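The values are calculated or read from the model by the stated rules, or taken from the named source; none is laboratory data. Fair warning: this is a prediction, and the values are worked out from it, not measured in the lab. Here Cβ is always computed from backbone atoms with ideal geometry, including for glycine, and neighbour counts include all displayed protein chains.
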Amino acid sequence: HGLYIQLVWAANRLNQGYYGWLAGKLDTIDFSDQTIEHPDPWQNAGTVALGYYFSELEPREVYHHTLGPDGFISTYQDLFGDPWTCQPLIPGSLRQPVMSLPFASGKTWSFTGGPHTGWGQGDPWAALDFAPPSLSGGCELTSEWAVATAPGVIARSEPGLVELDLDRDGDHRTGWVLLYLHLGTQDQIPAGSQVETGAKLGHPSCEGGESTGTHIHIARKYNGEWIPAAGVIPFNLGGWIAEAGSSEYQGHLIRFGEIVTASAVSEEKSLIRASSPTP
């Protein structure tokens, strides 16, 4: 498990640096000698993420060499080519495609988690949680279905996880992609399946990571970058707009003045009914 734990640590540090910079939460890099550095405001998030990562591994003098022209960038170019030929990941005009709620029309589920981490730990708060009706709570089997929020193709289908690719190129690294986490293995849709809005993808469960109760976790990516669940391009699910709370998992879904409030214990204020998709 040593390598796995190290990779998780590295991924979390890069994630925190990248999305912390984008969100304006990270403005200094701390070194082990108690000194700090303020990244240039014009730096891109990827560069700041690397600085944040290497600052926790190396003393300052080695850090500056690593981020210099003969350091990491030289190795990267030898392996992968020039990174500066890439276009911006997020165009300024980006808008979310039309999406519905992730459960069947006519069904009532609970909004159990407001904006929270999409993957791993920390930023960005890209995900929302929904749970089907339950008599006893906890990790119980359910016959309810999680469904496609939009047309697309299943780019990935692994234990507990499905990724719905809306541009249908089959590449989960490009365009709009919706992640579904905690889907049960039984009846889970296979990769390569073409789906329309409302298609059955799998049953909510506790599979695919830490979970205290049967539910699904959904999050959006565009060109591989997590899109915060609330903010400039909020989740819009059948007209329900996500709004973040003061801490993770808190928040609301709002539509035409109606407010649904996230509740981990499925209180009445968290109940939300899926209506028919707008043609």
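Of I254, I241, I233, I259, which residue is in a strand (DSSP E or B) and within 30 Å of D169 (Cβ to Cβ)?
I241
What tally of residues in region 1-47 results from selecting those that are within 20 Å of W84 (Cβ to Cβ), in contact with a helix residue (DSSP H, G or I) (Cβ under 8 Å, 6 or more places away or on another chain) and in a helix (DSSP H, G or I)?
7
When residues of region 149-174 are filtered for being more than 14 Å from the chain's Cα centre (by Cα) and part of a loop (DSSP other than H, G, I, E, B), how many remain?
Looking only at that region, the number is 12.
Evaluate the following for I233: is it of a type in the set (A, V, I, L, M, F, W, C) and free of Cβ contacts under 8 Å to residues at least 12 places away in the same chain?
no
How many residues are farther than 17 Å from G122 by Cβ and surrounded by 12 or more Cβ atoms within 10 Å (Cβ to Cβ) when one looks only at region 22-35?
Number of matching residues: 2.
Go through region 48-62 residue by residue and tally those that are under 20 Å from A10 (Cβ atoms), without any contact (Cβ under 8 Å) to a residue 12 or more places away in the chain and not aliphatic (A, V, I, L, M).
Total satisfying the criteria: 1.
(1) hydroxyl-bearing (S, T, Y); (2) at pLDDT below 95; (3) under 27 Å from L253 (Cα atoms): which one isn't true of Y180, the others all being true?
(2)
What is the one condition in (1) among the charged types (D, E, K, R); (2) in a strand (DSSP E or B); (3) out of contact with any Lys or Arg (no Cβ under 7 Å at 6 or more places or on another chain) that E140 does not satisfy?
(2)
Filter region 63-77 for residues that are in contact (Cβ under 8 Å) with a residue 12 or more places away in the chain and of a type outside the set (S, T, Y) and give the result.
L67, F72
Just one of (1) surrounded by fewer than 17 Cβ atoms within 10 Å (Cβ to Cβ); (2) assigned to a loop (DSSP other than H, G, I, E, B) trips up G198, so point out which.
(1)
Specify which of the listed residues (D123, D129) is under 22 Å from L237 (Cβ atoms), acidic (D, E) and assigned to a strand (DSSP E or B).
The conditions single out D129.
Quick test for you: out of L50, L94, L57, pick the one residue that is at pLDDT 90 or above and not in a loop (DSSP other than H, G, I, E, B). Walk me through how you get there before you give the answer.
On the way: L94 fails: not in a loop (DSSP other than H, G, I, E, B); L57 fails: not in a loop (DSSP other than H, G, I, E, B).
Criteria check complete, one pass: L50.
Inside region 145-165, can you point out the residues that are among the acidic types (D, E) and buried (at least 18 other Cβ atoms within 10 Å of the Cβ)?
Result: E163, D165.
Quick check on region 75-84. Is at least one of its residues in a loop (DSSP other than H, G, I, E, B) and not aromatic (F, W, Y)?
Yes: region 75-84 contains one or more residues that are in a loop (DSSP other than H, G, I, E, B) and not aromatic (F, W, Y).
Could you tell me which residue of region 105-144 is surrounded by the fewest Cβ atoms within 10 Å (Cβ to Cβ), considering only residues that are under 12 Å from the mean Cα position of the chain (by Cα) and of a type in the set (G, A, S)?
Here the answer is G120.
Here are the criteria: (1) more than 14 Å from A219 (Cβ to Cβ); (2) in contact (Cβ under 8 Å) with a residue 60 or more places away in the chain. Tell me which single one A148 does not satisfy.
(2)
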